[in-house]
Every structure is written in C-alpha cells, then in structure tokens.
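K.L.:
Quick one: the structure is below, and I'll ask about it shortly.
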Amino acid sequence: MWSSWSGYHEDALQLMIEGGAVREVLVSRHGDKWGLAIRLGGAGSRWLPVRSRREALRTWASLTAVGRFAEAQGIKGFSVER
C-alpha cells in the first residue's frame with residue numbers, strides 16, 4: 001500500500017501539520033509493528049509514510065505509542081487499518 005522509497009521524515013511532519021498541509025492520517029500494522037502515513041491531497045492522493053532518519057518507515061511497538069506520537073505532533077485524529 002505505501003511506497004517505501006518516498007515519504008516524509010518525522011521532523012518535517014509537525015511543520016506540515018501546523019501549515020495545514022496534512023489532510024488525512026492513517027495508522028496500520030506492518031508485521032508486529034505499527035506505521036503512520038499521511039495524505040496531503042484528497043481521496044486520489046497517495047499515502048506517504050512517515051520516515052525516521054534511519055528507517056524508510058518509522059514504526060512503533062504499539063498503537064498506544066503511535067497515538068502518543070501523533071498527539072505530540074498535533075494530529076487531532078487518525079484512521080486505523082488493521
């Protein structure tokens with residue numbers, strides 16, 4: 001579903017949220033971890049994963065941990081895909 005070669009680094013995410021560029025946020029399972037992706041446009045836009053400096057996909061061990069990260073970034077809500 002998500003392209004691993006493109007995405008946004010987590011340090012840029014907050015700036016995009018503050019600027020109102022992020023339209024939708026999706027959290028989904030990747031094996032035993034959770035990942036977060038954003039969509040900047042409408043329904044036809046691609047989902048772009050949030051990356052870390054070391055990983056093509058930033059992952060969290062639990063949905064609770066993703067929720068804490070999202071809240072700290074200023075994300076008001078997100079969809080969960082299991």
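What follows is calculated from the coordinates using simple rules that are stated; it is not laboratory data. Fair warning: this is a prediction, and the values are worked out from it, not measured in the lab. Cβ atoms come from the backbone with ideal geometry, glycine included; neighbour counts cover every protein chain shown.
K.L.:
Determine, yes or no, whether E71 is among the charged types (D, E, K, R) and within 21 Å of L15 (Cβ to Cβ). Write out each step before concluding.
P.N.:
Working: among the charged types (D, E, K, R): yes; within 21 Å of L15 (Cβ to Cβ): yes.
The answer is yes for E71.
K.L.:
Looking at this structure, is G35 surrounded by 16 or more Cβ atoms within 10 Å (Cβ to Cβ), part of a strand (DSSP E or B) and within 11 Å of the chain's Cα centre (by Cα)? Break it down stepwise before answering.
P.N.:
Details: surrounded by 16 or more Cβ atoms within 10 Å (Cβ to Cβ): yes; part of a strand (DSSP E or B): yes; within 11 Å of the chain's Cα centre (by Cα): yes.
Taking the combined requirement at face value, the residue satisfies it.
K.L.:
While we're here: Which residue is surrounded by the fewest Cβ atoms within 10 Å (Cβ to Cβ), if the candidates are limited to segment 38-55 and must be part of a strand (DSSP E or B) and among the hydrophobic types (A, V, I, L, M, F, W, C)? Spell out how you get there, then give the answer.
P.N.:
Of segment 38-55, the ones part of a strand (DSSP E or B) are 38-39, 48-51.
After this cut, where a residue has to be among the hydrophobic types (A, V, I, L, M, F, W, C) as well, the list is 38, 48, 50.
Numbers: I38: 22, L48: 16, V50: 25.
This residue is L48.
K.L.:
List the pairs whose first member sits in segment 15-29 and is hydroxyl-bearing (S, T, Y), whose second member is in a strand (DSSP E or B) and surrounded by 17 or more Cβ atoms within 10 Å (Cβ to Cβ), and whose Cβ atoms are under 8 Å apart, counting only residues at least 6 apart or on separate chains?
P.N.:
S28/W34; S28/G35; S28/A37
K.L.:
What is the residue count in segment 56-73 for residues that are surrounded by fewer than 13 Cβ atoms within 10 Å (Cβ to Cβ) and assigned to a loop (DSSP other than H, G, I, E, B)?
P.N.:
Here the count works out to 2.
K.L.:
Now for a separate question. I'm trying to understand the selection: among the residues of segment 5-50, which are among the aromatic types (F, W, Y) and within 20 Å of E71 (Cβ to Cβ)? Full working, then the answer.
P.N.:
Step one: list which residues in segment 5-50 are among the aromatic types (F, W, Y), which gives 5, 8, 34, 47.
Those that are among the aromatic types (F, W, Y) and within 20 Å of E71 (Cβ to Cβ): Y8, W34.
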